[in-house]
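The values are calculated or read from the model by the stated rules, or taken from the named source; none is laboratory data. Computed from a predicted structure; not experimentally measured.
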């Protein structure tokens with residue numbers, strides 16, 4: 001079961017009874033939390049730059065945090081699920097799983113955005129390249 005630790009103080013364990021679902025939900029929460037933090041920092045910067053805080057600005061920031069967190073969490077959950085599924089089908093754990101998972105995720109996210117076929121293929125290539133690069137970098141650390 002995946003475990004998420006934040007600064008060594010908060011430990012969140014998710015167990016849905018299925019390893020695939022556990023990985024997907026764990027990826028959703030991890031990257032969703034990063035996206036929420038990113039938006040929170042950006043919105044704080046904008047408030048400081050404007051020099052004023054209003055209820056409307058606060059509500060807008062909160063909605064943006066939720067939207068971005070859900071979007072990036074969903075994309076991350078999709079990627080983690082794809083990579084895990086490819087690993088299970090292939091029966092091995094290596095960089096190729098990341099490449100195929102990233103390509104499938106890139107293609108699906110692009111297709112949902114109603115892009116044309118060429119854009120979907122380019123997004124699949126980009127997804128596979130980014131996922132493979134991230135996997136190679138993780139081997140170095």
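List of remarks:
- Only one entry of 86, 39, 48 meets the criterion of being part of a helix (DSSP H, G or I) and more than 29 Å from residue 15 (Cα to Cα), and that entry is 48.
- When residue 25 is tested against the conditions (1) closer than 21 Å to residue 134 by Cα; (2) modelled with pLDDT under 90; (3) assigned to a helix (DSSP H, G or I), the lone failure is (2).
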